[in-house]
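**Q** Mind looking over this structure? Questions follow.
The values are calculated or read from the model by the stated rules, or taken from the named source; none is laboratory data. All values reported here derive from a predicted model rather than from experimental measurement. So basically every Cβ, Gly included, is an ideal-geometry build from the backbone, and we count neighbours across all protein chains shown.
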Amino acid sequence: IFLDEVDAYPASADEEGDPVSLAEARSLTFAHRRKVFLVSTPTIRGLSRIEREYEASDQRRFFVACPHCGASQWLKFERLRWEKGKPETAAYACEACDAAIAEHHKTAMLEHGEWRATATSVDPSTIGFHLSALYSPVGWLSWERIARAWEAAHSSDEAIRAFRNTILGETWVETGEAPDWRRLYDRRGNWPAGTVPRGGLFLTAGADVQKDRIEVDVWAWGRGLESWLVDHVVIDGGPEHARSWDTLAALLARTWPHARGAEMQIARCAVDTGYEAPAVYAWARRQGFAQVAPVKGVEGFNRASPVSGPTYVDATEGGRRIRRGARLWTVAVSTFKAETYRHLRLDRPTAEELAAGASFPPGTVHLPDWVESEWLKQFVAEQLVTVKTKRGFARLEWQKLRERNEALDARVYARAAAWIAGADRWPEAKWRDLEAQLGAGDDAAAPPSDGVLADGTTAEPSAGLIRRRTSCGRRVFRSSYLG
């Protein structure tokens, strides 16, 4: 039996049970001479079928000899070294002599390599093989391309997960333990509510629709998807009140002052459709889908993309059904929650390191000192746990530690809005373009705190809108990739 990509199989085949177990059961008649071959790209640690099967095998690795000292070893990603920002310098460091092994040695190394078991206390009838892309023959996937892919992946959890799964053949570890809200409280930053710090290059918002209110958080995003909470707005009244939607519409037209004197607007606002979808669809149609994205959250980590769509759904307006009346985006909330928690745990440079020119790691989440403890508790209100289904299969599931979790939900929607805007896929040129429009590339030329330049104007990117304010009025320049 040949079972391919077993980690992509559903937990149960039409309620009959595990597909792998069902397939193996078909071969029991030939138990003495049967062979069952399972192969797959691994997915999530603890849930991966191929990881479980490999750990029950003799765990064979392909050993190659160092061309310098002759030491035999299997290739590990942490031994691939290169100068930061220069993947073309990638070489493998021998674990015995630490000498740099160049790419051209790989052909001879592979030719004389051999498989060796690395586990002994297992069933000898089960053998397993693991091979990463580090072994790709010369001319296929080079070490330089692997290094380049790793550097490019650091702006996104999904990209890092894909790299580890597909390039290294390793499972992805979901770290879902909720960070301590007190630790977040102690390291809050200092910037006024409703203002955008210097690193912010565009804004998105996440709107969580509740029965009696709509809670909106506005986030600024910079390079590497570093983020800053800019504003927290509570709109009283709930989705059945027209004035609530009017207030939310006014929020889309509002501007937030940037530390460089700019005024920025929201590039994308993702609105939750979970509570009152028809009202969200109707409002989104009136606003236009260029700036508004109705979203539906789904659980689970087995999705090819953290955001999919848009799909066209029927909407109702005044009792009349409108075919394909709304565009709905589907958001894998589990993925973005895990990413948020991982980014909250990133080590930060000290004050001395920052003064010496160090920068924050990509993905760092900055929280201001005006957020209160209640908001922080909502921000870390869930924890990722492994649960067993009725049929005995393991599943990762987010569970609430407290009832209110609006801050976390709004963050997930704002992050989805950044993905929809394309920030996860922008090339370097687009980030430079945003910085150039803002003047972020030249700190010496940055405007003073009051935002007035020498020529009496104010230069600003506004999350998709770049505004220059003059005594004659405003000119608006639209960045095409932000809508």
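**Q** Can you confirm whether residue 289 is surrounded by fewer than 22 Cβ atoms within 10 Å (Cβ to Cβ), hydrophobic (A, V, I, L, M, F, W, C) and in contact with a helix residue (DSSP H, G or I) (Cβ under 6 Å, 6 or more places away or on another chain)?
**A** no
**Q** Report, by residue number, each residue of region 404-439 that is aromatic (Phe, Trp, Tyr) and surrounded by fewer than 23 Cβ atoms within 10 Å (Cβ to Cβ).
**A** If we filter region 404-439 for residues that are aromatic (Phe, Trp, Tyr), which is where we start, we get 413, 419, 426, 431.
Within region 404-439, 426, 431 meet the criteria.
**Q** Is it the case that residue 89 is in contact with a helix residue (DSSP H, G or I) (Cβ under 9 Å, 6 or more places away or on another chain) and either modelled with pLDDT of 95 or more or among the β-branched types (Val, Ile, Thr) (or both)?
**A** Against the criterion (in contact with a helix residue (DSSP H, G or I) (Cβ under 9 Å, 6 or more places away or on another chain) and either modelled with pLDDT of 95 or more or among the β-branched types (Val, Ile, Thr) (or both)), residue 89 qualifies.
The rows are residues; the columns are (1) at pLDDT 85 or above; (2) of a type in the set (Phe, Trp, Tyr); (3) not assigned by TED's automatic domain parsing to the domain that holds residue 375.
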| site | (1), (2), (3) |
| --- | --- |
| 250 | yes, no, no |
| 263 | yes, no, no |
| 269 | yes, no, no |
| 276 | no, no, no |
| 280 | yes, no, no |
| 283 | yes, yes, no |
| 304 | no, no, no |
| 307 | yes, no, no |
| 332 | yes, no, no |
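**Q** Related question: Which residue, of 78, 103, is at pLDDT below 95 and surrounded by 13 or more Cβ atoms within 10 Å (Cβ to Cβ)?
**A** It is 103.
**Q** Going through 199, 206 one at a time, which residue ends up being in a loop (DSSP other than H, G, I, E, B) and either surrounded by fewer than 23 Cβ atoms within 10 Å (Cβ to Cβ) or at pLDDT 95 or above (or both)? Give the derivation first.
**A** Values: 206 fails: in a loop (DSSP other than H, G, I, E, B).
Just one listed residue meets the conditions, 199.
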